[in-house]
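Structure record follows, encoded as C-alpha cells.
The values are calculated or read from the model by the stated rules, or taken from the named source; none is laboratory data. Not measured: the values here are computed from a predicted model. As a convention, Cβ positions derive from the backbone with ideal geometry for all residues, glycine included, and neighbour counts pool all protein chains shown. Note: accessible area is taken over every heavy atom of the protein model, side chains too, but ligands, DNA and RNA are not part of it. Shrake-Rupley method; radii C 1.70, N 1.55, O 1.52, S 1.80 Å.
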Amino acid sequence: MGQVNLHLLATDGTVAGTDRLAIEHLLRDDKLLWLDIQDAGKDGVALLRDVFDLHPLALEDVEEFGQRPKIEDFGDVSYQVAYGAQGAGKALVEVHFFYSEHYVITVRREPCLMLDQLRDTFGRPGGGLPGPSLTGGQPRPIRLILLHHVMDSLIDSFFPALSDFDDEIDDLQQQIFAKPSDEQLSQLFAMQKWLVGLRKLVTPQRDSLASLVAGVSSLPGMTPEGEPYLRDLYDHLIRISDLVDSYRDLLSNAMDAYLSIVSNRLNEVMKQLTVIATIFLPLSFLTGFFGQNFGWMVNRLGALPTFLLLGIGTEVLAAAGLFILFRRRGWS
C-alpha cells in the first residue's frame, strides 16, 4: 500500500491497530474510526473499495485531485472535498472526506500539517475524543464531532495564512508610498493571483457547508444535536470569506495607490522637462535671430557692449523672467 496512515481510534481515543484486520474489527464493533490516507495509490483505493464498499464514482474522485470544493451524497456515505492552508508559502492542501455513521476517512496526496497535529493530539494520553455520553438525554454525535475536529483544523488554518497576508499588504503599501518600483507591481499581481485562487476555493466550500446548515444536503445519521457543529464550521468560513473580500479591496486600493503615485511622479518629471524646454525656447529664438548673416546686423552689431547687452543680456533676462513666472505660478 502507498504511504498510508491508519488512525484507528476507539471512543476513548486509544489506538486499536494499523492494519486491515484492525479496521474490520473496529467496523464490526461500531467503534470510532478515522482512517487517514496519504497518497492512496492503487492499494489504498483497493482498501476503500473492498473494506468500505464505497461507490465507484466516489473512488474515481479519490484519484483526481485539483477539484472544486463540493459535497456529494452516496446513500449512507457523504463525500466532500475541502481545502486548508499550510506553510510559509501559503500553499493550499486538498483533502477528500468520506463520512458515514461508522467511520471518517480522509484522503490527501501530500503531507498535511493540520491533520498530523490533530493526530498527535488524539494520540496523547487524555487527548482522544470523549465517548458517546448523553447530552440532553441524547447520545453525543461522536463521529460528527470527529468530522468537526478534522474540518475545523483545515478551515482554521486559513486564519494564520490570511494574518500573514495582511501584514504583507501593510508592508507593501508602506514600500509603495516610500518609493514605487516594478518589483512591488509584480508582488501585487502575485498576491492578487493567490487571493483570487483562494476565493475560488473558499466560496464553494462555504456554499457546501451552507447547504448542510440549511438542510438542502445532509450527512448520514444527522441529528439536531450535530447541527451546532456544522454551524460553527459555516461561521468560520463566513469569516474567512469576509477576510478574503476585504483583502481584495485592500489590494485594489494598493494597486490604485501605486498607479496614482507613479502617475504623479511622471507628471512631476514632465512638468520639469516642460519648464526646461520652455526656458530654452526664447533662447533658441534669440540665438537664431542674432545669428542671421545680414549685412546691416553684421556692420552695426559688432561691439563688445552690444554683444553683452543684446547677445547675452537678452537671453539671461528671458531665462530669469520665465523662471520667476514659473515660481509665482507654482510650476517649479
Requested in this report: Sort out which residues of the stretch 17-37 are more than 16 Å from Glu101 (Cα to Cα) and buried (at least 19 other Cβ atoms within 10 Å of the Cβ), and write them in order of number.
Outcome: Asp36, Ile37
Report task. Would you please list the contacts, defined by Cβ atoms under 7 Å and residues six or more apart or on different chains, that run from a residue in the stretch 177-191 that is over 13 Å from Leu259 (Cα atoms) to a residue that is not β-branched (Val, Ile, Thr)? Result -> Gln187/Leu172; Met191/Glu168; Met191/Leu251
Query - Within the stretch 90-134, considering residues that are modelled with pLDDT of 65 or more and polar (S, T, N, Q), the one farthest from Leu146 (Cα to Cα) - result: Gln117
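A quick yes/no check of all residues on (1) within 27 Å of Lys193 (Cα to Cα); (2) open to solvent by 50 Å² or more (accessible area, probe 1.4 Å); (3) of a type in the set (Val, Ile, Thr):
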position: Val244; (1), (2), (3): yes, no, yes
position: Tyr247; (1), (2), (3): yes, no, no
position: Met255; (1), (2), (3): yes, no, no
position: Val262; (1), (2), (3): yes, yes, yes
position: Leu266; (1), (2), (3): no, yes, no
position: Met270; (1), (2), (3): no, yes, no
position: Ile276; (1), (2), (3): no, yes, yes
position: Leu283; (1), (2), (3): no, no, no
position: Leu286; (1), (2), (3): no, no, no
**Report entry** The listed residue being modelled with pLDDT of 90 or more, open to solvent by less than 30 Å² (accessible area, probe 1.4 Å) and closer than 17 Å to Leu243 by Cβ, out of Leu188, Leu195
**Finding:** Leu195
Report summary line: Taking the stretch 52-73 and keeping residues farther than 30 Å from Ser163 by Cα and loosely packed, with under 15 Cβ neighbours inside 10 Å leaves Asp53, Pro56, Leu57, Glu60, Glu63, Glu64, Asp73
